[in-house]
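Here's the structure, in structure tokens; my notes come after.
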Amino acid sequence: MQIRPSGGTRFRAARHPGFTLVELLVVIAIIGVLVSLLLPAVQAARATARRMQCINHLKQMALGGQVHHDAQKHFPTGGWGWAWVGDPDQGFGKGQPGGWVYNILPYIEQANLYERGKGENTSTKRALALELTLTPLATMNCPSRRPAKLFRKQWNPPNFVARNADDTPAGGHFAARTDYAANVGDPNTSGVPHQDGPGTLEQGLRPDHEFAVSIQNGVIYQISTVRFGDITDGTTNTIFLSEKYLNPDNYGSPEEEGLDPADNEGMYTGTNN
């Protein structure tokens, strides 16, 4: 006996909606076009954000320099020269061998880094001074150029770091670098300044400071102690710090990093021509 549905009703198989292969390819193509349009915008937004961060670093350092002036009655000194690194026991004036980067550390919330080795004996201070040169600082690098990391030194004699720091261990020396430079002023036309600094700590601490170059007309230079009143053109018309020019070919890859003559020293050393 067979039972048939009443009223002659027919049963049909359920139909499941879905994409055909052509429709799927069209959707993928549209997504690809949208992604290709979106990526440049995302990259541009990231570049703008990095650039703004770089400008913010300059503002932080400028404020640090101003607070330094308020506390020490002069802008950060340029230190003794490239052969010397900062010393936490030598204050902020002409007796300080370290350069402007070192001297503004306490005023950009890096006091612990500035005071590393303070009150220690000579051998301990020399070891800690070497560690200082191997300490990158994000504020000192422009993220649109390069990250805060160690870069190989290319120009000094092998293993030499500074006269008041330990030599680097065997195997090559690296150092933290900065992407910013201070305004030294017009070139020194009366002769080449002694920018390696004095031969000994005792010589550098002598009151006469025979190695000094006092004819620069910038804001930060060798053993400078420039005050607001010394800037006769007015601070709104005078550059304090700016981004340092480097040949892009010399920081684009690990093999080329640190080859630019304007980028051959660690950032905590004194004045460097």
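In square angstrom, what is the accessible area per residue of the stretch 52-209 with a 1.4 angstrom probe? Can you show the working numbers first?
Numbers: 7200 Å² over 158 residues.
On a per-residue basis, 46 Å².
For the stretch 61-125, the spread of Cα coordinates along the three principal axes comes to 34, 23, 17 Å, biggest extent given first. Ranked by the mean number of other Cβ atoms within 10 Å of their residues, highest first, the peptides 78-84, 120-126, 61-67 come out as 78-84, 61-67, 120-126.
With both labels modelled 7 Å from their Cα along Cα-to-Cβ, the Q53 to N217 distance reads 3.9 nm. Projecting the Cα atoms of Q90, G78, S144 onto the dipole axis of the stretch 40-148, where Lys and Arg carry +1 and Asp and Glu carry -1 at the beta carbon, places S144 farthest toward the positive end. Viscosity 0.890 mPa s, temperature 25 °C: give me the Stokes-Einstein translational D for the stretch 22-95 in µm²/s, with Rh taken as the Kirkwood radius over C-alpha pairs. The diffusion coefficient I find is 143 µm²/s.
What number do you get for the stretch 46-189 when its Cα radius of gyration is normalised by 2.2 N^0.38 Å, N = residues? Walk me through the numbers on the way to the answer.
Working: Rg = 15.6 Å, N = 144, 2.2 N^0.38 = 14.5 Å.
So the Cα radius of gyration is 1.07 times the expected 2.2 N^0.38 Å.
The values are calculated or read from the model by the stated rules, or taken from the named source; none is laboratory data. These figures come from a predicted structure and were not determined experimentally. Glycine also receives a Cβ, built like all others from the backbone with ideal geometry; neighbour counts cover every protein chain displayed. Ligands, DNA and RNA are excluded from the accessible area calculation, which covers all protein heavy atoms including side chains. Shrake-Rupley method; radii C 1.70, N 1.55, O 1.52, S 1.80 Å.
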